[in-house]
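A short write-up of the structure that comes next.
What follows is calculated from the coordinates using simple rules that are stated; it is not laboratory data. These figures come from a predicted structure and were not determined experimentally. As a convention, Cβ positions derive from the backbone with ideal geometry for all residues, glycine included, and neighbour counts pool all protein chains shown.
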């Protein structure tokens, strides 16, 4: 569950990005920094731990920023999170920011799970069908799921379209169980 604090920070940064017309750039920078933190659990723990001094955290932040190509606005935002002891909610801020950006840009994120790799032609067909269905541009992520026997499972936002063979077999099993 995402806190109101995360939403406020995300909205404030999002509004600045909107004014500067850099919605996607700032999101990509937030995501880039957040990924570095998430990839290193020790670093994540260090930044979130209130025992360590803010100055130590700022020095570490500076070293990380030096290795990434971030805009001055994103750098200032990350420093603000350190100053306000909110760097630990960065993943939630990133999630909120992405939701605001997707709403503004009329974009929907779609996850497609299959038991087999999809051809480029099939991916394009699914994307165009979903674009037509939702009326929004579609960002498709395809995942191979070896637990599926066959078929396809598509997640569009909070809606799940389950066309997997496993699901169909379970439905048949339930129907046969009710018929007894």
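For the reader, a short list of remarks on this structure follows.
- Remark: C-alpha extents of region 48-91 on the principal axes read 29, 18, 15 Å, sorted largest to smallest.
- Translational D in µm²/s for region 4-103 (Stokes-Einstein at 10 °C, 1.306 mPa s, Kirkwood Rh from C-alpha pairs): 117 µm²/s
- Sites residue 99 and residue 149 - FRET efficiency at Förster radius 30 Å, r taken between beta-carbons, to 0.05: 0.35
- Helix 90-104 and the long axis of the chain differ in direction by around 60°, with both axes built from C-alpha atoms.
- Label-reachable residues, region 14-38, where backbone N falls under 17 Å from a point 7 Å from residue 69's Cα toward its Cβ: 24-33
- Applying 0.36 nm per residue to the separation of residue 46 and residue 82 and subtracting their alpha-carbon distance, the gain on full extension is 11.8 nm.
- Largest first, the three principal axis extents of the alpha carbons in region 107-179 are 43, 24, 17 Å in whole numbers.
- Each peptide in 77-86, 113-122 receives the mean, over its residues, of other Cβ atoms within 10 Å, and ordering these scores from highest gives 77-86, 113-122.
- Taken over the alpha carbons of the chain as equal point scatterers, the Debye sum produces base-10 log I(q)/I(0) values at 0.10, 0.13, 0.18, 0.19 Å⁻¹ of -0.56, -0.82, -1.13, -1.19.
- Helix 4-19 axis, angle to the chain major axis (alpha carbon atoms, nearest 10°): 80 degrees
- When the Cα atoms of region 87-138 are aligned to their principal axes, the ranges along those axes come out at 41, 26, 13 Å in descending order.
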